[in-house]
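J.: Please see the structure below; I have some questions.
The values are calculated or read from the model by the stated rules, or taken from the named source; none is laboratory data. The structure presented is a predicted model; accordingly, all values stated were derived computationally and were not measured. Don't worry about glycine lacking a Cβ; one is built from the backbone with ideal geometry, like all the others, and counts go over all protein chains shown.
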Amino acid sequence: MKNIHPDRVHLLGESSCRDQGQYVLYWMSLSFRAHWNYALEYAVGLAEATDSKVVVLVSLEPQQTHLNARHLTFLLESLPEIEQALADRGIKCITRVAPIEKNIEALTADAFAIVTDCPYLDEDRDWLERALNVAQCPVTQIEGNIIVPVEAVSSHQEYAARTLRPKITECYTDYLEKPTSSMLPKSSLNMSLKGEDTSAPGNLLQQIEFEQSVAPVTEYYTGGFSAAKSRLDHFLHNDLEAYEDQRQSPTQPAVTQLSMYLSMGMIAPAYVLKRIEAYLPSENAAALREELLVRRELACNFVYYADHYDRLSALPDWAQQTLDEHERDQRPHRYTRSELEAGATHDDAWNACMNRMKEYGYLHNHMRMYWGKQILIWCNTPDYAHQTLLYLNNKYFLDGNDPNSYANALWVFGLHDRAWKERKVFGKVRPMNHNGLQRKIDLETWLQMDPAQ
């Protein structure tokens with residue numbers, strides 16, 4: 001249907017549609033875009049089959065436990081563009097601030113079906129379960145925020161990138177289809193369904209209870225597909241040819257800065273990879289494909305199959321054992337969570353990392369790895385270090401609290417890695433320290449650079 005691979009489609013019942021209704025409801029829960037949106041186009045296909053309309057719902061919980069002012073502002077900035085793009089196709093998009101049960105119950109009484117995005121994290125799965133409990137029509141999930149559906153690649157948790165790579169590179173080209181988009185014969189724009197005015201995100205935020213201490217970063221990052229596409233265009237035209245040589249260099253960054261847009265579903269990874277494929281067999285394009293296809297989707301495989309992906313118990317046995325054996329090692333420095341959050345350590349480079357992520361919601365990946373590794377050796381136990389790392393990561397980074405956050409946090413402690421030479425505190429976990437950082441980058445130059453880079 002609509003040129004959508006059947007592996008992306010997951011029926012949560014015996015059928016995708018019931019016999020009566022006025023429209024098909026697409027609950028836009030994780031794919032905040034109107035472009036290259038598999039779930040949207042699947043809903044359009046159902047509407048065409050039932051000679052009906054499509055209504056799109058954006059449901060915002062009145063009490064947010066995982067999103068703060070920074071994340072919510074970034075998300076809300078995408079909505080006016082989405083609404084306009086949908087309106088151009090005769091599709092009404094409504095944003096409502098209410099518990100998901102209330103919105104789904106109210107909107108499914110007259111719906112042929114619900115189509116929604118595929119969740120991976122526990123809180124998103126719980127959100128879906130709450131909706132399913134009150135849904136009055138069949139529900140279908142569409143897996144459109146990764147390139148290859150998780151179960152289509154592997155039936156189990158992969159040990160590392162080297163075990164996933166041959167499986168996913170063999171099949172990924174089958175999943176680069178662009179979903180067909182079309183104008184519906186019946187418009188839903190004149191329907192009396194009411195939603196919030198999304199043109200002023202600040203007014204909408206006043207209806208939501210959330211953590212307000214983390215400021216938005218609208219001066220540097222604006223939410224929405226157009227902003228994401230602009231970054232992608234700039235990268236492909238200006239930075240791609242330097243990517244392989246400079247992507248690990250914080251002082252000469254040649255990176256996409258698309259992680260926050262991919263995290264919130266504002267740009268389709270299949271669309272990004274399709275654009276990259278035009279530059280193959282370039283080594284730079286191949287290196288970028290590795291990051292987008294293998295590394296990013298390894299994280300989705302991890303959270304999908306792992307028990308307790310947010311705990312150290314999800315680590316491989318060797319990493320758990322070595323961390324346990326070195327838990328009582330003397331730390332070179334010890335800091336509390338509040339001291340770390342304040343950027344009040346002896347390490348100027350680390351403090352700069354902490355302050356930049358607090359102010360800008362972004363940090364070059366090499367510095368982000370350094371930032372995480374020091375938390376491991378500065379906290380009194382690995383478990384407290386892991387909890388602290390996740391807390392700070394998900395609070396301040398725009399791309400926080402997604403599958404990559406949980407997989408990359410545990411990478412600091414040995415996930416998807418191998419055992420290294422044994423050292424104090426780290427044990428056999430890959431080390432990073434200040435001396436190594438100074439050898440690899442021009443630290444003084446980085447400290448003086450524009451922090452937005």
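J.: Take the conditions of a type in the set (A, V, I, L, M, F, W, C), in the same structural domain as Asp174 (by TED's automatic domain parsing) and under 25 Å from Ser16 (Cα atoms) and apply them to Val115. Does it pass? Walk me through it before giving the result.
T.: On the way: of a type in the set (A, V, I, L, M, F, W, C): yes; in the same structural domain as Asp174 (by TED's automatic domain parsing): no; under 25 Å from Ser16 (Cα atoms): yes.
Here the answer is no, as Val115 does not meet what is asked.
J.: Let me ask something additional. Between Lys194, Lys178, Lys186, which is closer than 17 Å to Tyr38 by Cβ and not β-branched (Val, Ile, Thr)?
T.: On the way: Lys194 fails: closer than 17 Å to Tyr38 by Cβ; Lys186 fails: closer than 17 Å to Tyr38 by Cβ.
One residue alone meets the criteria, Lys178.
J.: Filtering the stretch 192-218 down to residues that are assigned to a strand (DSSP E or B) and among the acidic types (Asp, Glu), which residue is modelled with the highest pLDDT? Reasoning before the result, please.
T.: So the first thing to find is which residues in the stretch 192-218 are assigned to a strand (DSSP E or B), and the list is 209-211.
From what's left, among the acidic types (Asp, Glu): 209, 211.
Values: Glu209: 94, Glu211: 90.
Going through the qualifying residues, I end up with Glu209.
Per-residue answers, yes or no, for (1) surrounded by fewer than 22 Cβ atoms within 10 Å (Cβ to Cβ); (2) over 22 Å from the mean Cα position of the chain (by Cα):
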| site | (1), (2) |
| --- | --- |
| Glu339 | yes, yes |
| Gly343 | yes, yes |
| Ala349 | yes, yes |
| Glu359 | yes, no |
| Met369 | yes, no |
| Gln374 | no, yes |
| Ala385 | no, yes |
| Tyr391 | yes, no |
| Tyr396 | no, no |
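J.: Among Ala160, Ala135, which is farther than 30 Å from Lys53 by Cβ and not β-branched (Val, Ile, Thr)? Break it down stepwise before answering.
T.: On the way: Ala135 fails: farther than 30 Å from Lys53 by Cβ.
Answer to the check: Ala160.
J.: Right, here's the next one. Pick out, from the stretch 1-65, the strands (runs of 3 or more DSSP E) lying fully within it that include 3 or more residues that are surrounded by 18 or more Cβ atoms within 10 Å (Cβ to Cβ).
T.: Working: elements: 9-11, 23-27, 53-60.
Because the criterion is at least 3 residues that are surrounded by 18 or more Cβ atoms within 10 Å (Cβ to Cβ), the strands (runs of 3 or more DSSP E) in the stretch 1-65 that meet it are 23-27, 53-60.
J.: Moving on. Failed condition for Val255, given (1) more than 26 Å from Leu46 (Cα to Cα); (2) not in a loop (DSSP other than H, G, I, E, B), with all others met?
T.: Exception for Val255: condition (2).
J.: Right, here's the next one. So, Arg247, is that one basic (Lys, Arg), closer than 30 Å to Gln438 by Cβ and outside the structural domain of Leu60 (by TED's automatic domain parsing) or not?
T.: Details: basic (Lys, Arg): yes; closer than 30 Å to Gln438 by Cβ: yes; outside the structural domain of Leu60 (by TED's automatic domain parsing): yes.
Taking the combined requirement at face value, the residue satisfies it.
J.: Go through Leu189, Leu176 for me and flag whichever is at pLDDT 95 or above and assigned by TED's automatic domain parsing to the domain that holds Ala268. Full working, then the answer.
T.: Working: Leu189 fails: assigned by TED's automatic domain parsing to the domain that holds Ala268.
Selected residue: Leu176, the only one of Leu189, Leu176 that is at pLDDT 95 or above and assigned by TED's automatic domain parsing to the domain that holds Ala268.
J.: Going residue by residue through the stretch 320-333, is there one that turns out to be within 27 Å of the chain's Cα centre (by Cα) and either touching a residue at least 24 places away in the same chain (Cβ under 8 Å) or assigned to a helix (DSSP H, G or I) (or both)?
T.: Going through the stretch 320-333, the residues within 27 Å of the chain's Cα centre (by Cα) turn out to be 320.
Checking the rest, the ones that are also either touching a residue at least 24 places away in the same chain (Cβ under 8 Å) or assigned to a helix (DSSP H, G or I) (or both) come to 320.
The answer is yes, given that some residue of the stretch 320-333 is within 27 Å of the chain's Cα centre (by Cα) and either touching a residue at least 24 places away in the same chain (Cβ under 8 Å) or assigned to a helix (DSSP H, G or I) (or both).
J.: Go through the stretch 273-305 and give me each residue that's among the β-branched types (Val, Ile, Thr) and touching a Ser or Thr at 6+ places or on another chain (Cβ under 8 Å). Quick ask: steps written out before the conclusion?
T.: Within the stretch 273-305, the subset among the β-branched types (Val, Ile, Thr) is 276, 294, 303.
Val294, the sole residue that qualifies.
J.: From the list Met369, Met354, exactly one residue is free of Cβ contacts under 8 Å to residues at least 40 places away in the same chain and not polar (S, T, N, Q). Which is it? Break it down into steps so the answer makes sense when it comes.
T.: Numbers: Met369 fails: free of Cβ contacts under 8 Å to residues at least 40 places away in the same chain.
Result of the check over Met369, Met354: Met354.
J.: Could you grab me the full set of residues in the stretch 351-374 that are aliphatic (A, V, I, L, M), within 12 Å of Leu392 (Cα to Cα) and either out of contact with any Leu (no Cβ under 6 Å at 6 or more places or on another chain) or not assigned by TED's automatic domain parsing to the domain that holds Val429 (or both)?
T.: Of the residues in the stretch 351-374, the ones aliphatic (A, V, I, L, M) are 352, 354, 357, 363, 367, 369.
Those still in the list that are within 12 Å of Leu392 (Cα to Cα) too: 354, 357.
Result: Met354, single match.
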